[in-house]
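Working notes for the structure below.
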Amino acid sequence: MSETNKTATDKASRMVSGRVISNRMQKTVTVQVERRIQHPLYGKFVTRRSKLHAHDENGACKPGDKVLIEACRPISKTKSWRVVRVLEPARDV
């Protein structure tokens, strides 16, 4: 049997983008991810939303920021995503 060597480039981690809706926890942000799916029977496009907890080591994210997060090993009971970078900062009103 031959083994295939796995490298870092072979392992594609799942990345999604979304808006930060809460940063009240220490080193954790809540990110709302939206995806549009087509209804199987009626064909109308419906928006589905998921709220994910992501690890923010530096505490740089603020509510309203658009961030890129990637899946990682479980850090806590509800947290298995990590913030990669801020794509778009929140607008000040």
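Quick rundown of the values:
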quantity	calculated
Residue within region 56-66 that is open to solvent by less than 50 Å² (accessible area, probe 1.4 Å), outside any loop (DSSP other than H, G, I, E, B) and either under 16 Å from SER13 (Cα atoms) or at pLDDT 95 or above (or both) present	no
Residue pairs meeting the criteria (Cβ under 7 Å; at least 6 apart or on separate chains; first more than 10 Å from ARG82 (Cα to Cα), in region 44-61; second assigned to a loop (DSSP other than H, G, I, E, B) and open to solvent by 40 Å² or more (accessible area, probe 1.4 Å))	VAL46/HIS39; GLY59/LYS27
Of residues in region 10-45 being basic (Lys, Arg) and not in a loop (DSSP other than H, G, I, E, B), the one farthest from SER76 (Cα to Cα)	ARG36
Residue within region 10-32 that is out of contact with any strand residue (DSSP E or B) (no Cβ under 9 Å at 6 or more places or on another chain), at pLDDT 95 or above and at positive phi present	no
Condition met for VAL86 (without any contact (Cβ under 8 Å) to a residue 60 or more places away in the chain and open to solvent by less than 50 Å² (accessible area, probe 1.4 Å))	no
Subset of region 30-55 that is over 15 Å from MET15 (Cα atoms) and open to solvent by less than 100 Å² (accessible area, probe 1.4 Å) - its residue that is farthest from the chain's Cα centre (by Cα)	GLY43
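The values are calculated or read from the model by the stated rules, or taken from the named source; none is laboratory data. Note that the structure is a prediction, hence the values are computed from the model and not measured. Glycine gets a Cβ as well: all are built from the backbone with ideal geometry, and neighbour counts include every protein chain shown. Please note that ligands, DNA and RNA were not included when accessible areas were found on the heavy atoms of the full protein model with its side chains. Shrake-Rupley method; radii C 1.70, N 1.55, O 1.52, S 1.80 Å.
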